[in-house]
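Asks: Pasting a structure here, questions to come.
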Amino acid sequence: MRPYRVVQWATGTIGARSLRGIIEHPGLTLAGVYVHTPAKAGRDAGELCGTGPTGVTATHDVDNVLSLDADCVLYAPLTCDVDEVCRLPASGANVVTTRGEFRHPGSMDPVVRERVEEACARGGSSIHSTGSSPGFITEAVPLVLTSLARRLDGLTIDESADLSRRPSPELLFGVTGFGVAPAAFDERRLSGARTSFGPSLRLVADALGSLVPMAGLTGGTVSVPGAPLPFLVSVQTPRPTGRMRTRSADPGTPPLLDYGCLATAADRRRLREAVRATAELTATADFSEVSRGLVGPVPGVLGDDRLLDEWILGHLGTAHHTCGTVPMGPAGDPRAAVDAYGRVYGVGGLRVADTSILPTPPLRGTAATAVLIGEVVTDELRRGPA
C-alpha cells in the first residue's frame, strides 16, 4: 500500500509539530505545505520544523495546494476560515483539524454545517476534529474515568501547561491575556475559548447524558417520578456451557447460538446470591431516600431457590465484553495469536492493540483496559522496531 500523501496547513507551534510528524512517519509522504505568512513561502518544509531538507517548499497559494491531489490535509490555523475549509474536502482531500468548530456538529451554525457537509459529499471526503486540548484531555480522559463511576455528582477539568518554551507571544499575551489586569480582560478572548472548548465540552455532555437517571439519585429522587429503578446483576464469568451450530451449508445463513445460560448449578447459585444481596441493599435505611421498596422479586420468591431460579430466567438477558478473538499469550501457547505487546505471531510488522487481545473477559467494562493496552503497545513502539 502506498504512503498517504499529506499536506500540512499552517506551521505555527502546533502546525510545526505535526509537520515534523508527517516527515518522520514511514506511512506518510509530505505532499505540500501551506503557510499564512508570505515570508515563509518558498522555504523548505524541513526548515520550518527543524528537520533536514525535504525538497518540499511552502506555498501561500491555496490553488497550488488543491492541485496536489493529497489524501489528507492537516488543517491547523489559528483562526478558522470556512471558505478555505470547504474548498479542501470539495477537492477530494480528507481534512484532519485541530479546530474545535467541527468537534460537535450539533452545535455548529446550521448554514456552516450544511456547507461543510455539502463539500464533503461533493469530494467524497470527511472532516475529523481532534487534538490534545481540547480533545484528549477534555473528552477521552473524562469519558473513560466516568465510565468507571457508579455515581456522578459533577465533572471538573483542570489543565496545567508549561508555556515557558512556547514561542507564541501573541497567544500568551494577546489571546490568553497573561500580564493583563483582570478588569481589562477582553470579552472576545472568552469568546475564543468558547469556540475552542465549547464544542468539546458539549460532546462530553452528550455522552454523559446517558447518566442522567443515575445523576438524579444525587438529589434524592429518581429522574422519572414513579419509574422503577432497575439493578443490573450479572454472573461475570459464567461456566462455558454454550455451543454454536450451523443451520445450513449456505455461509450466508446465520448459525444457531445456544448460550447455555445458567446451565450449571454453580452459576445459578451465584446469581441467586447476587439477587438476594441486591434486595438486602435496597432494604437499608440509606437507600430509602431513593426507594419506596422492592418491586421484584417479592419476598416469597426470594426465599425459595426454585422460585427464584424461575424468576431469574424470566428476567434474564445477555451482555458481553468484546475480547478474546486475537488472544495474547506466550509463543508456545497454541491459542495465542499475539504476544504481550500485540505483535502478531508469524506476521512481521503487524500489531493488534485493542481488547481483542485479552485472553479472558475483564470483570469491569473494557474502556479503561482498552486505553491501557494502547498505552503499553505505544510505549513499546517508541522503544524501536519489533
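What follows is calculated from the coordinates using simple rules that are stated; it is not laboratory data. All values reported here derive from a predicted model rather than from experimental measurement. Cβ: placed from backbone, ideal geometry, glycine included. Neighbour counts: every protein chain shown.
Asks: Quick one: grab the alpha carbon gyration tensor of the stretch 1-69, order the square roots of its eigenvalues as a ≥ b ≥ c, and give me rounded if a/c is under 1.5, else prolate or oblate depending on whether a/b is larger than b/c.
Replies: Since a/c reaches 1.5 but b/c is at least a/b, the shape of the stretch 1-69 is classed as oblate.
Asks: If we restrict to alpha carbons, what Rg and Dmax does the stretch 334-377 come to, in Å?
Replies: 10.8, 33
Asks: Starting from the eigenvalues of the Cα gyration tensor, five times each then square-rooted, give me the equivalent ellipsoid semi-axes of the stretch 243-314, largest first, whole Å.
Replies: Equivalent ellipsoid of the stretch 243-314: 37, 15, 10 Å, largest first.
Asks: Positive end of the dipole of the chain, charges at C-beta (+1 Lys, Arg; -1 Asp, Glu), about the Cα centre: which of Gly27, Gly131, His315 has its Cα farthest in that direction?
Replies: His315
Asks: Pairs of Cα atoms under 8 Å, at least six residues apart: use those to get the relative contact order of the chain, whole percent.
Replies: 9
Asks: Also: Go through 360-370, 72-82, 374-384 and give me the packing order, highest mean Cβ count within 10 Å leading.
Replies: The most tightly packed comes first, giving 72-82, 360-370, 374-384.
Asks: Measuring from centroid to centroid over Cα atoms, what is the spacing of the stretch 328-377 and the stretch 127-167 in Å?
Replies: 26
Asks: Counting only C-alpha contacts under 8 Å and six or more residues apart, can you give the relative contact order of the stretch 243-314 as a whole percent?
Replies: Dividing the mean separation by the residue count of the stretch 243-314 yields 19 percent.
Asks: Could you give me the percent of Cα pairs per 20 Å distance bin for the chain, shortest bin first, beginning at zero and ending with the bin that holds the maximum distance?
Replies: 19, 44, 30, 8, 0
Asks: Which one of Thr264, Ala283, Val301 has its Cα pushed farthest toward the positive end of the charge dipole of the stretch 243-314, where Lys and Arg give +1 and Asp and Glu give -1 at the Cβ?
Replies: Thr264
Asks: Determine the percent antiparallel among the DSSP beta bridges restricted to the chain, to the nearest 5.
Replies: So the antiparallel bridges amount to about 25 percent of the total.
Asks: Quick check on the stretch 4-129: what are the equivalent-ellipsoid semi-axes from the Cα gyration tensor, as sqrt(5λ), descending, whole Å?
Replies: Working from the Cα gyration tensor, I get semi-axes of 25, 14, 13 Å.
Asks: Quote the charge dipole size of the chain about the Cα centre in Debye, to the nearest 20; the model charges only the Cβ of Lys and Arg (+1) and of Asp and Glu (-1).
Replies: So the dipole magnitude of the chain works out to roughly 780 debye.
Asks: How far is helix 305-314 tilted off the main Cα axis of the chain, in degrees rounded to 10, range 0 to 90?
Replies: It works out to around 40 degrees.
Asks: Go ahead and estimate [θ] at 222 nm for the chain from helices alone: -39,500 (n - 2.57) per DSSP H run with n ≥ 4, summed, over the residue count, rounded to 500.
Replies: The per-residue figure over the chain is -9500 deg cm²/dmol.
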